[in-house]
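To keep things clear, I will list the structure first and then write my remarks on it.
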Amino acid sequence: MNPPSHPIVLCVDDFALHPLIDQAVLQLASKGRISATSCMSTAPRWRTAAHDLKPLRPHLAVGLHFNLTESHGGLYHALTLKQAIAQAYLGRWRAAQWQAVWREQLDAFEAAMGTAPDFIDGHQHVHQLPGVRQALLAEITARYAAHERPWLRSTVPAGRLWSSSKALIIATLGGYSATRLWRTAHLATNHGFAGVYGFDAPTPAAYRAHMQSWLRQVQPGSLLMCHPAAGVVQGDAIGTQRPKECAYLLSDEFVEDLQRFGRHIHQGGRLPEDNGSPKGGELH
C-alpha cells in the first residue's frame, strides 16, 4: 500500500532566460509535472514569453525570479554572484537603490502578466541577501494589500537536507535570516527547501537519485526547485545539465518516485494549506 500523499511545490526556475527552458516549462506544465515557474522579467524575451504562461494559470503558479547576475540591463549592471554578495554584506547600496531594482522588475512582471506574481524568489538566491530582503519586504508591503501579497521562497533546508554543505551555505548566506524576517512580518513562505546539488548528475538516472533523496525529506508545504530545458542551453553555466533534469521529470520513473514517497505535485498559485507544518524547514 502506498503511503498517504502530501503536496509539494515543484518549481522550474529561469523562465524567459532561453526558449529551450520555456519549452520545458510548457511541456511539463501541460502534463501536470510541475507546480510553478519563476520568471526573469529582465530578460529581453520576457514580454513575448509571458503570453504562453497566461493560459496555464491558475493551475501553474507564476512568480518573479529576481535577477542581479544575468546581463539583461535595467537599473544596474549585472554583477557576478560574488559581487552581489559583497555589495549586500558590505552595505554598498542604500535601501532606496535596492527597492528601485525590486520596483523595476515587479513593474516589468505586472506589465506582461497583468497581475502581481504568485510568489517571489531570486536567481542564485539573491533575494535573501542583506538589504535585498529588507527592500523586498518594504516594496511588497507598500505595493500590495495583505491578501494580494506573493509568498516568498525560503531556502531553509527541508528535513535533514541541511547536512548538504551547499544547501547549508545557501541557507546561511541569508535563508535563515530572511525567513525569520518575512515570517515575523506575516508573509507566507514555504516550509522546507530542496533541489540543491552540484548540477553534476551525468545522466537522468543520476539526477533521479538526487530527487529520491529530496523526496524522502520534503514535507507538506516544502518547495523543490529544478532547472530543466528541452535541450542543451549553449553558453549557460548549467546548460548541459538542464536536459537531463527534463528527461527525468517527463519520465514514468518520476511518477513512480512521487507515488513511492507519498508526494504529489501541488497545483495553484497559493502554497498548500498545510504549509505551516513544523515537520520541515525549521529555523535553528
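Only the coordinates and a few stated rules stand behind these numbers; no lab work does. Keep in mind it's a predicted model, so treat the numbers as computed, not measured. When we count neighbours, we look across all protein chains shown, and the Cβ atoms used for this are built from the backbone with ideal geometry, even at glycine.
Tabulated results
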{"quantity": "In sequence order, calculated HN-Hα J values of the range 191-200 (Karplus, 6.51, -1.76, 1.60; Hz; x Gly/Pro)", "calculated": "10, x, 9, 8, x, 8, 7, x, 6, 10"}
{"quantity": "Space enclosed by the convex hull of the alpha-carbon atoms of the range 142-284, per residue, Å³", "calculated": "137 Å³"}
{"quantity": "Under Karplus coefficients 6.51, -1.76 and 1.60, residue-wise ³J(HN,Hα) of the range 56-62 in Hz, glycine/proline x", "calculated": "8, 7, x, 5, 9, 6, 10"}
{"quantity": "Alpha-carbon centroids, the range 236-265 and the range 139-174: separation in whole Å", "calculated": "23 Å"}
{"quantity": "Residue among MET113, ALA86, LEU56 farthest towards the positive dipole end of the range 25-133, charges placed on Cβ", "calculated": "ALA86"}
{"quantity": "Reach of LYS244 by Cα under 12 Å, taken over aspartates and glutamates that are not fewer than 8 positions away in the same chain", "calculated": "ASP200"}
{"quantity": "For the range 104-200: Kirkwood Rh in Å [reciprocal of mean 1/r, alpha carbons]", "calculated": "14.1 Å"}
{"quantity": "Distance in nm between pseudo-label sites at THR115 and ALA146 (7 Å out along the Cβ direction from Cα)", "calculated": "2.2 nm"}
{"quantity": "Built amide H within the under 5 Å cut-off of PHE66, gap 5+", "calculated": "ASP121, GLY122, HIS123"}
{"quantity": "Three-way shape call for the chain based on the alpha-carbon gyration tensor, with the a/c threshold at 1.5", "calculated": "rounded"}
{"quantity": "Within the range 149-252, trypsin sites (Lys or Arg not before Pro) in DSSP loop having at most 16 other beta-carbon neighbours inside 10 Å", "calculated": "ARG160"}
{"quantity": "Contour minus Cα-Cα distance for GLN27 and ALA185 (0.36 nm per residue)", "calculated": "53.2 nm"}
{"quantity": "Length gained when the stretch LEU168-GLN259 is fully extended (0.36 nm per residue, less Cα-Cα span)", "calculated": "30.0 nm"}
{"quantity": "Computed magnitude of the charge dipole of the chain (debye, nearest 20; Cβ of K, R +1, Cβ of D, E -1)", "calculated": "500 debye"}
{"quantity": "Positive-end residue of GLN219, THR203, VAL255, charge dipole of the range 191-270 with Cβ unit charges", "calculated": "GLN219"}
